[in-house]
Amino acid sequence: MLKNGNKLALDVAVFGDLSRSTLESRRQPVDPPRRYNAERPYSVFHRNGNLQADPKQLSTLRRIVAYLWASPYTIAGITIGLLLGGRFQVVDGVIEISGPRIAGLLLRMLIPALALTFGHVVFGQTEAALARTREHERVHVQQYERWGIAFVPAYLTCWLILSLAGRDGYRENPFEVEAYAADDCQK
């Protein structure tokens, strides 16, 4: 048994050499955080395994997810546009379709419209109508991106509840209120 004067000897015997120089030599080197490397823009992880996402890469990923989330309605919109022989154009990542048959369909709706959004597809009576309603319809595109396949059921549920309450199911619909707040377009 060691006496009080030999406490250091006990520490060394039990714990090994814990002097400062010994601890410093045992420390593992820590890599400094890496900065964005233009030569490897798709490198998402550090060497040490920590997530390092490039903002441009995240933005691209968000756009892809938004397009996929709204894709069932986008595919339906493209199909309808092809069947009705519409003229297609892409403006800011949104497919705009117009033509006489589309105009006839929009005019025969329960509430006649200059334009109607289906996912990332906007139908318009004419190209001028598409230009006039662009800001309003882009809000609906964003709503499809947020709500995905639940957008149409949610929109129609709001319309039905408001209509049954004797209110304007179109103008007072929260989805339309948001779209009209974004522009000066009063259809």
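The values are calculated or read from the model by the stated rules, or taken from the named source; none is laboratory data. Here the structure is a predicted model, which means the values were calculated and not measured. Cβ atoms come from the backbone with ideal geometry, glycine included; neighbour counts cover every protein chain shown.
Just a few scattered comments:
- Residue list for the stretch 133-146, filter: under 17 Å from the mean Cα position of the chain (by Cα) and surrounded by fewer than 17 Cβ atoms within 10 Å (Cβ to Cβ): 142, 146
- Which listed residue, of 121, 152, is within 19 Å of residue 62 (Cα to Cα) and in contact (Cβ under 8 Å) with a residue 40 or more places away in the chain: 121
- Condition check for residue 154: under 20 Å from the mean Cα position of the chain (by Cα), modelled with pLDDT under 95 and over 21 Å from residue 64 (Cα atoms): no
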